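Undergrad: First the structure, which I've put down as structure tokens, then a few questions once you've had a look.
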Amino acid sequence: MEAPKNGSKPSAGFNQVITAVSKREVELQRIIIEASTAAKSPIAFISVVSSDRQRLVAAIGLNADEYPRLEFICKRVILRPGDPMVILDTHKNEVYSKFSAVSAPPFVRFYVGIPLVDRAGYALGTLSIANTISQREEPDLTTLKHLAHEAERIIAN
């Protein structure tokens with residue numbers, strides 16, 4: 001897995017994290033429902049990312065529970081721990097307009113990703129919000145960051 005630009009390394013225990021979060025699925029599902037409501041977006045998910053794949057450990061608005069890492073914008077989010085990524089219109093972004101999640105189902109037009117990191121600073125995954133409709137302004141990032149920190153605590157315990 002690529003190391004984030006700030007020098008921290010991604011989490012090595014992908015399977016251990018997946019096993020741990022499966023026991024806390026209800027709590028993570030509550031977080032994404034709150035995030036979806038706060039951002040007024042129909043798609044929300046918490047993902048755990050490895051070098052080659054992304055597992056959705058809680059999701060609404062998406063049918064699959066695992067995606068190749070190359071197909072989602074989240075692969076870029078984990079490279080920037082601490083910095084939310086907001087793309088108001090993916091079609092107007094030269095880089096992200098080519099991603100398969102934009103040009104094919106789920107046809108993402110709006111995306112917010114907040115990196116999730118463990119206590120040691122290793123990248124775990126993302127709290128993400130998406131919509132098939134572009135947006136004119138950012139959602140309440142303070143609320144979304146708070147929910148992301150809550151997800152980090154749940155995943156880390």
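Undergrad: Going by C-beta contacts inside 10 Å, put SER128, SER103, SER41 in order with the fewest on the left.
TA: Values: SER128 32, SER103 13, SER41 22.
Listed from fewest to most nearby Cβ atoms, that is SER103, SER41, SER128.
Undergrad: Something else: Compute log10 of I(q)/I(0) for segment 14-156 with the Debye formula, placing one identical point scatterer on every Cα and leaving out solvent, at q = 0.09, 0.12, 0.21 Å⁻¹, to two decimals.
TA: Result of the Debye calculation: -0.22, -0.40, -1.36.
Undergrad: To check you understand DSSP bridge types, tell me what percent of the beta bridges within segment 14-156 (both residues inside) are antiparallel, rounded to 5.
TA: 100
Undergrad: Note the count of lysine pairs whose C-alpha atoms are less than 24 angstrom apart in segment 14-156, limited to pairs 8 or more residues apart or on different chains.
TA: Number of lysine pairs found: 7.
Undergrad: Could you work out how far apart the two model spin labels at GLU94 and ARG153 are, taking each label as a point 7 Å from the Cα in the direction of the beta carbon, and quote it in nm?
TA: 4.2
Undergrad: Cα atoms only, segment 69-120: Rg and Dmax in Å?
TA: In Å, with Rg to one decimal and Dmax whole: 11.5, 36.
Laboratory data are not the source of any read-out in this text; all were calculated from the coordinates shown. It should be emphasised that the depicted structure is a prediction, and the values quoted were computed from it without experimental measurement. All Cβ positions, glycine included, derive from the backbone under ideal geometry; neighbour counts span all protein chains shown.
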